[in-house]
Structures are given as C-alpha cells and as structure tokens.
Amino acid sequence: MSADPLPPPAASPGPALPTCIALALVSLLCFVAGFGTGAEFVRFLSFGAIFKNISGESGETSLSWGEAVEDSQVLRSLGIDVALLFLFVLQHSIMAWSAVKGGITRVFGVLQRSVYILCTALSLQVMIRSWQPCPHGPYLWNVSSDYWNALLPLLCALLHTISWLLIFSVLLIFDYAELMGIKQVYYHCFGMGDPLSHKSPRVARLYAHLRHPIYLELLLILWAVPSMPPDRLLLSSFLTLYLSLVHRLDVQDYTYLRSQLQKKFVLFSREETTNERWGLWKKD
C-alpha cells in the first residue's frame with residue numbers, strides 16, 4: 001500500500017505586527033527619499049540644462065579653452081565635480097557587488113534594497129547640491145542665433161520629456177515597487193519570501209543584468225542640450241563611459257525581451273478582437 005503524498009509546505013509565518021509596521025515605515029521613508037531625489041535628478045539633468053544651462057547661465061563664452069586650462073577657478077570646479085561623480089559611481093557600484101550586498105543583507109535583512117535606495121539618494125543629493133558650475137568656462141557648443149535660440153530649447157525639451165516618460169514606463173513595467181524595496185518588505189511580512197524567488201529563471205537572469213534598462217534614453221538626455229559648458233561636458237562624458245561599462249544585456253536577454261513583447265502584442269490583439277465581437281453582439 002503506497003503512502004499518501006506529503007502536503008505542500010505551508011508558507012512561513014511572517015514577523016510580528018510591530019516589526020512589520022517598523023519595517024514598512026523604514027521602507028516607506030527610503031522610498032520617499034529615493035523618489036524625491038529622482039525628481040531632483042530630473043531637474044538637475046534637464047531643466048537647468050535646457051532653460052538656463054547646467055552652469056546656471058547662458059551668456060557668451062568669456063574664456064577660451066586654452067585660458068580655461070590655465071584658470072585655477074575652472075580647474076578647481078572641475079576637480080570637485082570629478083570627485084562628486086566618483087563618489088556617486090563608487091557608492092552605486094560597490095553596493096551592487098554580491099559580497100557587499102550579502103553583508104548588507106546580513107545586517108539589515110529584508111531592508112537591503114531600501115538601504116541601497118537610501119544610500120543612492122544620499123550620494124545623488126551630495127552630487128546635486130555640491131555641483132560646481134563653470135559659468136565663465138568655454139562652451140563645446142552654444143546656440144547663439146535668434147532663430148535656434150528659441151527653437152532648439154523647445155526641441156530639446158520635447159526629447160527630454162519623451163525620454164523621461166520612456167524611462168518611467170520601463171521602471172513601472174519592471175516592477176517599480178520591487179526596485180524601490182517596498183515589495184520585499186511586503187512579501188517578508190506575509191511570509192512569502194523573496195519576490196525574485198517567485199520569478200522564472202529567465203526573468204531573474206534579466207534582472208541581474210538589467211542595471212540600466214534605459215541606456216539610450218539617458219544618453220539622449222545627457223547630450224541633447226542647447227549648450228555644452230565644461231561641467232555639463234564632464235557630466236555627460238563621465239556618465240556615458242560609466243553606462244557603457246556596466247550595460248550588460250546580451251543576446252539571451254534581448255531574445256527574452258522580444259518574446260515578451262510579442263506576447264504582449266498577441267494579448268492586446270486578442271483583447272481588441274474580443275471587444276469588437278462584443279460590440280457587434282450588442283448592436284445585434
């Protein structure tokens with residue numbers, strides 16, 4: 001006589017209610033800090049660069065490139081900006097390493113992602129608020145004619161708006177709550193484990209490579225500006241190099257993304273056909 005099959009293991013009980021409330025509050029605070037810093041980063045990259053340049057002025061160039069290289073004020077400003085960029089990149093990259101991530105998880109547990117978001121927000125805040133413009137430095141390009149001085153900023157504003165909308169759409173598609181650390185706390189409190197463990201291996205692999213799914217949009221935002229002062233040139237060049245080095249999507253990832261996109265199109269076409277049949281049935 002065969003033994004009865006064992007029942008599936010029950011979900012592990014979550015932590016106590018006070019612990020869940022504390023975790024939720026910390027996660028929510030980190031989310032607010034990350035969201036607010038993201039909004040400031042949009043202003044830093046786009047609004048200042050388009051409407052008054054990232055250096056705060058849109059006047060004529062007062063220094064040549066040769067004079068700028070010998071100007072101590074320009075070199076000091078660019079040196080501080082380089083240090084700020086390295087600070088952001090080091091924090092963003094070191095905390096993404098497996099060993100460091102494991103150590104943070106052992107200390108903070110399920111709040112590991114929230115701590116990462118908070119530290120990233122703090123490093124971005126330091127960079128944004130301590131950024132040193134070069135108002136008298138030379139421009140790589142600068143729109144000076146009356147016609148393009150009015151039209152080009154409008155075109156750049158349109159490109160930036162479309163790019164940011166695409167970026168936000170991608171973030172929503174790839175589970176914004178999980179990227180910001182809120183979903184991890186929710187799953188933990190209900191004893192459901194890590195949200196990534198519920199995803200297929202192909203999705204988990206894609207998440208591991210998808211550090212910058214918005215590569216092209218960010219490049220467009222960095223370079224599509226009416227004028228390019230030295231500090232903006234430094235910012236765009238540095239972040240372009242960094243994004244190029246950490247952009248890790250490969251053929252398998254692109255194949256998976258294309259298959260998922262085709263499934264979405266098939267699903268939408270079926271829904272459209274169903275709606276058309278429902279409309280004809282109502283008319284009949």
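Every number in this text was worked out from the coordinates using simple rules, so none of it is lab data. Bear in mind that the values here come from a model prediction, so they are computed numbers and not experimental data. So basically every Cβ, Gly included, is an ideal-geometry build from the backbone, and we count neighbours across all protein chains shown.
Taking 0.36 nm per residue of sequence separation and removing the Cα-Cα distance, the residue 129/residue 17 pair yields an extension gain of 36.5 nm. Value of Rg to Rh for the range 70-192, rounded to two decimals, is 1.12; Kirkwood radius and Rg both from alpha-carbon coordinates. Subtracting the Cα-Cα distance of residue 237 and residue 80 from their residue separation scaled by 0.36 nm leaves 55.0 nm. Let me check I've understood the local charge: for residue 160, count other residues with C-beta under 13 angstrom from its C-beta, Lys and Arg +1, Asp and Glu -1. What total comes out? With Lys, Arg at +1 and Asp, Glu at -1, the net is 0.
Our estimate of slack between residue 168 and residue 69, defined as 0.36 nm per intervening residue step minus the Cα-Cα distance, is 31.8 nm. Spin-label pair residue 43-residue 150: with each label point 7 Å from Cα along the Cα-Cβ axis, the two points sit 2.9 nm from one another.
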